[in-house]
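The values are calculated or read from the model by the stated rules, or taken from the named source; none is laboratory data. Remember, it's a predicted structure, so these values are computed and weren't measured experimentally. No Cβ is skipped: glycine too gets one built from the backbone with ideal geometry, and neighbour counts run over all protein chains shown.
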Amino acid sequence: MIATPSASATAPALHPALGTLLSRSTPAVMGVLNVTPDSFSDGGQFLAPDRALAQARRLIAEGADILDVGAESTRPYGGAEAVSAEQELARLRPILAEIVALGIPYPSTA
């Protein structure tokens, strides 16, 4: 028999926010914010930083516990153009600090 380390011995420590989400008695809700000009789900309407931030606030107000901010299109039916890491960062830089400052995920109050 080959001995293997236990999961707890090899698993990295959880980020505090992940621990908070995992300790909830209800599922977490994820809001998706696409900051791409060719988003299949919203047609690129949140590419402008002010619109993206307003959408992030709206998603949180409507109950999102997590925000997935996408800066590269992943259209499921093909045709999505790959973009460089620099382009993704250029889309994220104007909004990321303000989104992080919104303070989610929130601890469960239930």
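So the values come out like this:
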{"read-out": "Single residue of 41, 25 found to be assigned to a loop (DSSP other than H, G, I, E, B) and either modelled with pLDDT under 85 or in contact with a Cys (Cβ under 9 Å, 6 or more places away or on another chain) (or both)", "value": "41"}
{"read-out": "Top-ranked residue in segment 44-53 [being under 16 Å from the mean Cα position of the chain (by Cα) and in a loop (DSSP other than H, G, I, E, B); ranked as farthest from residue 91 (Cα to Cα)]", "value": "46"}
{"read-out": "Restricting segment 55-83 to residues that are of a type in the set (Gly, Ala, Ser) and farther than 15 Å from residue 103 by Cα, the residue that is surrounded by the fewest Cβ atoms within 10 Å (Cβ to Cβ)", "value": "78"}
{"read-out": "Segment 35-54, residues that are within 19 Å of residue 103 (Cα to Cα) and surrounded by 13 or more Cβ atoms within 10 Å (Cβ to Cβ)", "value": "49, 51, 52, 53"}
